[in-house]
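Heads up: the structure comes next, in structure tokens.
The values are calculated or read from the model by the stated rules, or taken from the named source; none is laboratory data. Since we're looking at a predicted model, the values are computed, not measured. FYI the Cβ positions are ideal-geometry reconstructions off the backbone, even for glycines, and counts take in every protein chain you see. Accessible surface areas use protein heavy atoms only, side chains included; no ligands, DNA or RNA. Shrake-Rupley method; radii C 1.70, N 1.55, O 1.52, S 1.80 Å.
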Amino acid sequence: MTGIDIVIVGAGHGGAQAAIALRQAKFEGTIAIIGEEPELPYERPPLSKEYFSGEKAFERILIRPAAFWAERNVEMLLNRRVVAVDPVAHSLTTADGATIGYGQLIWATGGSPRRIGCAGNDLIGVHTVRTRADADRMLAELDGVEQAVVIGGGYIGLEAAAVLAKFGKKVVLLEALDRVLARVAGEPLSRFYEAEHRAHGVDVRLGAAVDCIEGEGRVSGVRMQDGEVIPAQMVIVGIGIVPAVEPLIAAGAQGGNGVAVDHQCRTSLLDIFAIGDCALHANRFADDMPIRLESVQNANDQATLVAKTIMGQELAYDAVPWFWSNQYDLKLQTVGLSTGHDAAIVRGDPANRSFSVVYLKEGRVIALDCVNATKDFVQGRKLVVERLSPDPAQLADASVPLKELA
């Protein structure tokens with residue numbers, strides 16, 4: 001059995017950053033990253049944006065080039081999937097039957113796309129967007145696509161719809177709820193993005209109930225519960241992810257919707273940490289409720305924390321969440337978590353396509369969504385971090401810089 005000081009399972013943002021941070025902190029032991037895909041660690045967000053649209057070649061979304069990992073003696077064990085963990089023996093088993101021993105284990109597997117639970121979800125032409133291979137499959141089929149159906153009005157679905165529209169495809173976007181981005185944003189932002197997509201020719205349908213996906217071998221359409229069949233040569237499903245934590249839960253780790261971790265990202269199993277999309281952690285920006293955060297910021301910050309913890313520093317995770325989304329010529333930047341807000345103040349005029357939505361809870365600022373308004377995003381961070389309570393009238397006045405309200 002091979003023995004490695006620190007094994008990192010998952011070759012995404014969190015896994016890569018954990019290795020980078022360990023070497024930056026002068027960790028001299030052996031490090032290996034185990035990844036399911038054949039590629040070196042790369043950025044995920046561009047898969048539904050710049051990579052899908054052809055604006056960035058794959059080499060430009062690599063987190064680091066191959067030489068970087070070789071120079072820092074980070075061993076890459078790619079195209080391998082971990083199927084079991086033995087926390088007593090400090091070992092794990094891969095799908096090909098290999099056993100790898102570890103001193104400490106960092107679980108950074110993210111999740112797998114949630115599949116739509118209806119007939120036809122396995123037809124050729126039905127896609128999810130999580131890996132380079134997913135994006136490449138879609139790109140290879142585009143020439144034969146006249147109309148695409150996107151199921152899910154979250155960020156992945158909206159970004160994919162925007163790229164397809166730019167390619168000149170007819171796009172129908174189906175959202176089961178009564179507005180897009182319903183789980184992550186307030187109504188003013190939802191209505192703005194619905195209008196933007198419609199202005200770009202996307203047929204946005206809300207309260208849309210899918211019955212099944214039709215086709216013989218290859219997708220030909222989406223049947224709605226009211227009987228309508230929407231023709232489609234491509235279907236993209238963006239309805240969230242399922243955290244990839246089965247081997248840890250089977251080994252006895254606490255969790256459910258993700259694997260539970262403490263403020264140092266330790267799981268309930270000795271010498272095993274978990275970070276990123278799959279880590280269920282109490283977050284003060286969510287009133288200390290246990291949540292999973294699916295963001296590059298969270299993965300990177302938790303990875304850096306774990307590296308420092310391994311090197312003996314006593315720190316607790318307390319990073320402010322932030323996110324971004326690019327659609328058409330709109331750059332959305334979010335800071336904080338708007339879940340549970342009781343007021344939403346629009347700052348600026350959405351008609352000018354540059355505005356912010358400030359979210360309050362009991363008078364305190366808990367989050368901002370900033371559309372083409374980077375200055376608000378930068379200056380609003382302090383309002384969120386310190387839970388400040390500015391005058392709502394001044395918050396709504398875009399001529400008053402947010403830094404003056406801090």
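Rolling a 1.4 angstrom probe over the protein chains, ignoring ligands and nucleic acids, what is the accessible area of GLU146 in square angstrom, nearest 10?
Estimated to the nearest 10 Å², GLU146 gives 110 Å².
Skipping prolines and chain starts, which residues have an amide H placed within reach, meaning under 5 Å, of the one on VAL171, given they are 5 or more residues away or on another chain?
Sorted by chain and number, the residues that satisfy this are ALA148, ASP203.
Highest GNM mean-square fluctuation, the chain, Cα pairs closer than 10 Å: which of THR334, THR128, THR94?
With Cα springs under 10 Å in the chain, the top fluctuation among THR334, THR128, THR94 is at THR94.
Given an 8 Å cut-off on Cα distances and at least 6 residues of separation, report the relative contact order of the chain as a percent.
The normalised contact order for the chain reaches 14 percent.
Rounded to whole Hz and in sequence order, give me ³J(HN,Hα) for the range 233-247 from the Karplus expression 6.51 cos²θ - 1.76 cosθ + 1.60, θ = phi - 60°, writing x for Gly and Pro.
Computed from phi, the couplings for the range 233-247 are 9, 8, 10, 10, 9, x, 10, x, 10, 10, x, 8, 10, 3, x Hz.
Nearest 5 percent is fine: what portion of the DSSP beta bridges confined to the range 67-200 is antiparallel?
Just about 60 percent of them are antiparallel.
Of GLY207, LEU174, TYR155, which is farthest on the positive side of the dipole of the range 152-240, counting Cα position, with +1 on Lys and Arg Cβ, -1 on Asp and Glu Cβ, and the Cα centre as origin?
TYR155
Which order do you get for TYR155, TYR328 if you rank them by accessible area with a 1.4 Å probe, largest at the top?
Numbers: TYR155 60, TYR328 40 Å².
These residues rank, largest area first, as TYR155, TYR328.
log10 I(q)/I(0), Debye, Cα-only the range 1-104, no solvent, q = 0.12, 0.21 Å⁻¹?
-0.43, -1.09
Would you mind getting the accessible area per residue of the chain, heavy atoms of the protein chains only, 1.4 Å probe, in Å²? Each step should come with its number before you reach the end.
Details: 17240 Å² over 406 residues.
Value returned for the chain: 42 Å² of accessible area per residue.
Give the percent of DSSP beta bridges with both residues in the chain that are antiparallel, rounded to the nearest 5. Provide the component values of the computation, followed by the final result.
On the way: 51 of 88 bridges.
That works out to approximately 60 percent antiparallel.
With a ≥ b ≥ c taken as the square roots of the eigenvalues of the C-alpha gyration tensor of the range 121-171, please select rounded if a/c is under 1.5 and otherwise prolate if a/b is larger than b/c or oblate if it is not?
Verdict is rounded for the range 121-171.
Ignoring ligands, DNA and RNA, what percent of the accessible area of the chain is carbon or sulfur (1.4 Å)?
50
Across the chain, how many lysine pairs, 8 or more apart or on two chains, come within less than 27 Å at their alpha-carbon atoms?
Lysine pairs meeting the criterion: 24.
Against the globular-protein guess of 2.2 N^0.38 Å, express the Cα radius of gyration of the range 97-250 as a ratio, rounded to two decimals. Let's see the in-between values first.
Values: Rg = 17.3 Å, N = 154, 2.2 N^0.38 = 14.9 Å.
Ratio of Cα Rg to 2.2 N^0.38 Å: 1.16.
At 222 nm, what helix-only mean residue ellipticity would the chain give, in deg cm²/dmol to the nearest 500, using -39500 (n - 2.57) for each DSSP H run of four or more?
Computed ellipticity for the chain at 222 nm equals -6500 deg cm²/dmol.
Run through the DSSP bridge list for the range 1-121 and note the antiparallel percent, rounded to the nearest 5. Mind dumping the intermediate values first?
Details: 8 of 24 bridges.
Taking every DSSP beta bridge within the range 1-121, about 35 percent pair in antiparallel fashion.
Considering the dipole of the chain built from charges on the beta carbon (Lys and Arg +1, Asp and Glu -1) around the Cα centre, which of LEU405, PHE58, LEU337 is farthest to its positive end?
Farthest along the dipole direction, towards plus: LEU405.
Can you give the accessible area of LEU330 in Å² (nearest 10), computed on protein heavy atoms with a 1.4 Å probe?
Counting only protein heavy atoms, LEU330 exposes about 0 Å² to solvent.
Where is the GNM fluctuation largest for the chain (alpha-carbon springs, 10 angstrom cutoff): MET234, MET138, MET311?
Taking springs between Cα atoms under 10 Å, the residue moving most is MET311.
For the chain, set up a Gaussian network in which alpha carbons nearer than 10 Å are linked by springs, and say which option among GLY35, GLY227, GLY157 fluctuates the most.
Taking springs between Cα atoms under 10 Å, the residue moving most is GLY227.
With just the Cα atoms of the chain, tell me how far they stretch along each of the three principal axes, in Å, largest first.
Dimensions of the chain along the principal axes of its Cα atoms: 60, 59, 37 Å.
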